[in-house]
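S.K.: Take this structure, written in structure tokens, and hold onto it; I'll ask about it next.
The values are calculated or read from the model by the stated rules, or taken from the named source; none is laboratory data. Keep in mind it's a predicted model, so treat the numbers as computed, not measured. Don't worry about glycine lacking a Cβ; one is built from the backbone with ideal geometry, like all the others, and counts go over all protein chains shown.
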Amino acid sequence: MPTSDFSSYDQLDPGALRHDDSYKWTKYAPDVLPFWIADMDFPVAPAIVAALHERLSRGLGYHQVGGDPTLKALLLGKLAADGLSGLEAQHISFLPGVVPGLYAAVLALTQPGDEVITFTPIYPPFLTAAGAAGRIAREVPLARTEQGYQLDWQALEQAVTPRSKLLMLCHPHNPTGRVWTADELSQLADFALRHNLYVVSDELHADLRYSDAIPYQPFATVNPALMPRVVMLTGPCKAYNTAGLGIGAMICSDTDVLRQLDSTLAGVSAPPSALSVTMWQAALRHGSPWLSDTVQYLQQNRDLVTEFMARRLPQVPYFAPQATYLAWLDLRGFAQADHMQQYLLEEAKIALNDGPTFGQGYQGFVRLNFATRRNLLQEGLDRLAAALRS
Ligand SMILES: Cc1ncc(COP(=O)(O)O)c(C=O)c1O
């Protein structure tokens, strides 16, 4: 199997990255360095490229539109290796991406006017999925403690009402990079059972865990009594940098629940493309050496950010992510906090994601994507610190 040359990550050419179809590199002016939308600047694993070439040597007629059995078998193997066993092909439904699964869960498992609970700051579609469907998003802010961001149990108990029907969990959590502990997950499962909630658990970032992360446990494994009410969402796009070939999966041990979710998408969504199926198969079959090398590179980038924050911006509350290539920066202490993202765009020429899109109360926060060439990251951090000094 061909392998990647990881020193090549240090040689990535910004001119080539700024190609016409890169949203990340073309949204802002050419003098802006992009650290916003969550994809990596790295090329796709050679094993995936080879599989796609091979697939293109054959016709592209209708493929297994009912859900590719080979991919299901590979995914079941991966889920079992992660600790989620006992499932069968009928417990998996494929999606054209993970976000449609968030929307489908809201539509299928709640009624208009019902409440959907989620922990903020949060990946914005968690909030828009509820709002777009006429449901009420109950935002429960994470607590910032000495140890990092934690679930706030008191706030959670205060937020839940008889209209609360669904809990949307992000595990690992975008944007804080938290991998939730077994104790936290177990307490959350008790809470969901007590309040008769469904849980959609988006575990898309799970394969981007660092060597010092606590063990990852899929939420569906935490409490057998809750398992039929848990819909897990996953996909290859974060770990393998394949967002341009959309595909995802929803997984639930209750086939009736899964059919309900499927029915919300019938006719308005399409099965994932043949190429995306081939891509995910190749990732699951051959991708892990590439992935572990890439995670190692990302971990060094993460450590660079951590060291930089401690040395150059020690006044900024910052907790290194245990997973994800995202860093959540609390810049509320600076004079420009009321327009921080715009200020950094104009003054530092760096594009970050703006805090308020992650929930109420996050003005002055920004999210930084560090999945890029290390010296570009270093330049971006230098620009950040310089702009915050002026
Ligand atoms: C937690 C989470 N879920 C879903 C997505 C998007 O997934 P997709 O592109 O497959 O819809 C992202 C992208 O950043 C994400 O961070």
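S.K.: Would you mind stating whether residue 186 is more than 16 Å from the ligand (Cβ to nearest atom), over 15 Å from residue 126 (Cβ atoms), at pLDDT below 95 and hydroxyl-bearing (Ser, Thr, Tyr)?
M.R.: no
S.K.: Out of 4, 8, I need the residue that is at pLDDT below 95, assigned to a helix (DSSP H, G or I) and either polar (S, T, N, Q) or surrounded by fewer than 19 Cβ atoms within 10 Å (Cβ to Cβ) (or both). Which one?
M.R.: Residue meeting the stated conditions: 8.
S.K.: Another question, then. Only residues in the stretch 92-105 that are outside the structural domain of residue 124 (by TED's automatic domain parsing) and more than 13 Å from residue 68 (Cβ to Cβ) count as the first member; pair them with residues that are at pLDDT below 95 and more than 7 Å from the ligand (Cβ to nearest atom), Cβ under 7 angstrom, at least 6 apart or cross-chain, and list the lot.
M.R.: Filtered contacts from the stretch 92-105: no entries.
S.K.: When you scan the stretch 321-329, do you find a residue that is polar (S, T, N, Q), crowded, with 21+ Cβ neighbours inside 10 Å and assigned to a loop (DSSP other than H, G, I, E, B), even just one?
M.R.: Yes, there is a match, as at least one residue in the stretch 321-329 is polar (S, T, N, Q), crowded, with 21+ Cβ neighbours inside 10 Å and assigned to a loop (DSSP other than H, G, I, E, B).
Rundown of residues vs (1) buried (at least 22 other Cβ atoms within 10 Å of the Cβ); (2) over 24 Å from residue 224 (Cα atoms), yes/no style:
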residue	(1), (2)
85	no, no
97	no, yes
101	yes, no
106	yes, no
120	no, yes
133	no, yes
146	no, yes
159	no, yes
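S.K.: Here is a further query. What is the one condition in (1) free of Cβ contacts under 8 Å to residues at least 24 places away in the same chain; (2) surrounded by 17 or more Cβ atoms within 10 Å (Cβ to Cβ); (3) among the basic types (Lys, Arg) that residue 165 does not satisfy?
M.R.: All conditions are met except number (1).
S.K.: Sort out which residues of the stretch 81-100 are within 21 Å of the chain's Cα centre (by Cα) and of a type outside the set (Val, Ile, Thr), and write them in order of number.
M.R.: 81, 82, 83, 84, 93, 94, 95, 96, 97, 100
S.K.: What tally of residues in the stretch 246-300 results from selecting those that are assigned to a loop (DSSP other than H, G, I, E, B) and away from the ligand (no atom under 16 Å from the Cβ)?
M.R.: 6
S.K.: Restricting the search to the stretch 81-120, which residues are more than 11 Å from the ligand (Cβ to nearest atom) and within 23 Å of residue 241 (Cα to Cα)?
M.R.: Passing the criteria: 81, 82, 92, 93, 94.
S.K.: Looking at the stretch 36-67, which of the residues that are acidic (Asp, Glu) and assigned by TED's automatic domain parsing to the domain that holds residue 11 is farthest from the ligand (Cβ to nearest atom)?
M.R.: Result: 41.
S.K.: Further question: Checking residue 179 against (1) surrounded by 18 or more Cβ atoms within 10 Å (Cβ to Cβ); (2) aliphatic (A, V, I, L, M); (3) more than 16 Å from the ligand (Cβ to nearest atom), which single condition isn't satisfied?
M.R.: (3)
Listed here are the residues, each with its yes/no results for (1) under 29 Å from residue 69 (Cβ atoms); (2) in contact with a strand residue (DSSP E or B) (Cβ under 6 Å, 6 or more places away or on another chain).
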position	(1), (2)
239	yes, no
247	yes, no
254	yes, no
269	yes, no
272	yes, yes
290	yes, no
312	no, no
321	no, no
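S.K.: Right, next: Would you check if there is a residue in the stretch 265-275 being within 20 Å of the chain's Cα centre (by Cα) and farther than 15 Å from residue 105 by Cβ?
M.R.: yes
S.K.: Based on what the data block shows, is residue 367 of a type in the set (Lys, Arg) and either crowded, with 17+ Cβ neighbours inside 10 Å or in a strand (DSSP E or B) (or both)?
M.R.: Yes: the conditions hold for residue 367.
S.K.: Which members of the stretch 68-80 meet the condition of being of a type outside the set (Asp, Glu) and away from the ligand (no atom under 16 Å from the Cβ)?
M.R.: 69, 70, 72, 73, 74, 76, 77, 78, 79, 80
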